[in-house]
Amino acid sequence: MMELAGLLEKMKMEHLMVSLDSLCEHASKRDLGYREFLTEVLRAEWQGRSQKGIQMRLTMARFPWIKTIEEFDLGFQPSIDKRVIRELSGLGFVGRAENVILLGPPGVGKTHLAIGLAVKAVEAGHKVLFLTLETLISRLKKAQMEHRVDKQLQQLVYPRVLIIDELGYLPMSREESGLFFRLLTRRYEKASMIITSNKSFTDWGEIFGDQVLATAILDRLLHHSTVLNIKGESYRLREKKKAGLLGGRMPVEISPKGVIMEETGE
Ligand code: ADP
Ligand code: MG
């Protein structure tokens, strides 16, 4: 007969191995029944595993930073419908392979919301990947030069949620837009994308360098999607303003009314 430690090892119950002594002690103190004890033991292993899975998927997601939806101050951004955020947080869009498009000027929290939703997806067990448009395009172009675009595209279909951040900061060549379109086609109705952009849809023709391609891209993206058009003040600006008014060290321009005239960047 195998010893307990051996069994736990064979069954890869690594979290149980660590916590078994304290679980046993706890059970005898509280005089737990067999069934209750078994439940607690399996729960401990399960919790350990799911925590580890979350940690792994968070690392694989390559987020530039992590912030949650709960950390997002909706009060600061009245143009965002709270119900839409609540609905998206329920992750129905992931199950239905729908897209989320976050539009708005710099600093209004587009990336924060994208990451916050993706963190929820990670917690729910989904694979997620964060890419800026720039990184995505350079990856695809490199793959094309090495004659392995198909393989690269296939890899980009695996994540259940793909964030493409900062669409519109750089204009794209027709070839680059074509690669982006191929990615959309692959993922279409299979898996979700969260896209952020500082440009409104009417300017997308310019971004993609081709009106026909832009229309085809928008058609795919918008077919099943939630669009959040954020029309507020920059949160970064507000923080700078606060720092300025509190006599902070940051050189900010302040108008006679005490409003900062322009954003000073990061
Ligand atoms: P964008 O991507 O729209 O340029 P970010 O998401 O990068 O803006 O937001 C800029 C910074 O301000 C981030 O640190 C973000 O966490 C913070 N931020 C923006 N909006 C809010 C908000 N409503 N509540 C809390 N933090 C916010
Ligand atoms: Mg951003």
| Taking the stretch 78-113 as the search range and keeping residues that are within 16 Å of ligand 1 (Cβ to nearest atom), surrounded by fewer than 23 Cβ atoms within 10 Å (Cβ to Cβ) and assigned to a helix (DSSP H, G or I), which one is farthest from the chain's Cα centre (by Cα)? | Lys82
| Tally of residues being within 16 Å of ligand 2 (Cβ to nearest atom), more than 22 Å from Ala121 (Cα to Cα) and of a type in the set (Asp, Glu) across the stretch 153-192 | 0
| message | Condition (residue is outside any helix (DSSP H, G or I), within 16 Å of ligand 1 (Cβ to nearest atom) and not aliphatic (A, V, I, L, M)) applied to the stretch 155-165: is it met by at least one residue? | response | yes
| task | Have a look at Met60, Met1, Met17 and point out the one that is hydrophobic (A, V, I, L, M, F, W, C), modelled with pLDDT under 95 and surrounded by 11 or more Cβ atoms within 10 Å (Cβ to Cβ). | result | Met17
| request: Read through the list (1) out of contact with any helix residue (DSSP H, G or I) (no Cβ under 9 Å at 6 or more places or on another chain); (2) more than 16 Å from ligand 2 (Cβ to nearest atom); (3) closer than 30 Å to Ser200 by Cβ, then give the number of the only condition that Thr39 fails. | output: (3)
| query | Just to be sure, is Lys10 among the basic types (Lys, Arg), away from ligand 1 (no atom under 16 Å from the Cβ) and surrounded by fewer than 12 Cβ atoms within 10 Å (Cβ to Cβ)? | reply | yes
| task | Please work out if Thr135 is assigned to a helix (DSSP H, G or I), over 23 Å from Thr59 (Cβ atoms) and of a type in the set (Ser, Thr, Tyr). | result | no
| field | Candidates Leu129, Leu103 - the one that is touching a residue at least 12 places away in the same chain (Cβ under 8 Å), in contact with a Pro (Cβ under 7 Å, 6 or more places away or on another chain) and not assigned by TED's automatic domain parsing to the domain that holds Lys52 | value | Leu129
| remark: Taking the stretch 122-135 and keeping only residues that are crowded, with 19+ Cβ neighbours inside 10 Å, over 8 Å from the mean Cα position of the chain (by Cα) and away from ligand 2 (no atom under 13 Å from the Cβ), one is left with Val122, His126
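The values are calculated or read from the model by the stated rules, or taken from the named source; none is laboratory data. Every value quoted in this text rests on a predicted model; they were computed, and no experiment measured them. When we count neighbours, we look across all protein chains shown, and the Cβ atoms used for this are built from the backbone with ideal geometry, even at glycine.
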